[in-house]
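To start, the structure under review is shown below, and the notes come after it.
The values are calculated or read from the model by the stated rules, or taken from the named source; none is laboratory data. These numbers were taken from a predicted model, which means no experiment stands behind them. Glycine gets a Cβ as well: all are built from the backbone with ideal geometry, and neighbour counts include every protein chain shown.
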Amino acid sequence: MALELTRLSERGQIVIPTELRKSMNLKEGERFIIMGVGDTIVLRKLELSEERLRLKRLIRESRKKTKKRGGFDESEIAKLIQETRNATG
């Protein structure tokens, strides 16, 4: 593991050196969990499983449809939850 230097920008941004990005296959828009421990900062790439990605898509699509429709009442929500549980489980 090679050591490289970087610096904090005025806007609080830190550049991850090119070689490290390449070796870890990091792409623009990747998400990270960041944690501070004493004088150490730890970045961990956030890995979203296919199931979580599918769920995010479903939620996004549901919000669009709900907005078009004008919302749901409580009985419709309960019915949708039950249908989803039946379909997934």
### Message
On the basis of being under 30 Å from ILE81 (Cβ atoms) and either among the aliphatic types (A, V, I, L, M) or in contact with a Pro (Cβ under 8 Å, 6 or more places away or on another chain) (or both), does LEU55 make the cut?
### Response
yes
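Determine, yes or no, whether GLU50 is at pLDDT below 85 and out of contact with any Pro (no Cβ under 7 Å at 6 or more places or on another chain).
Working: at pLDDT below 85: yes; out of contact with any Pro (no Cβ under 7 Å at 6 or more places or on another chain): yes.
Yes, satisfied.
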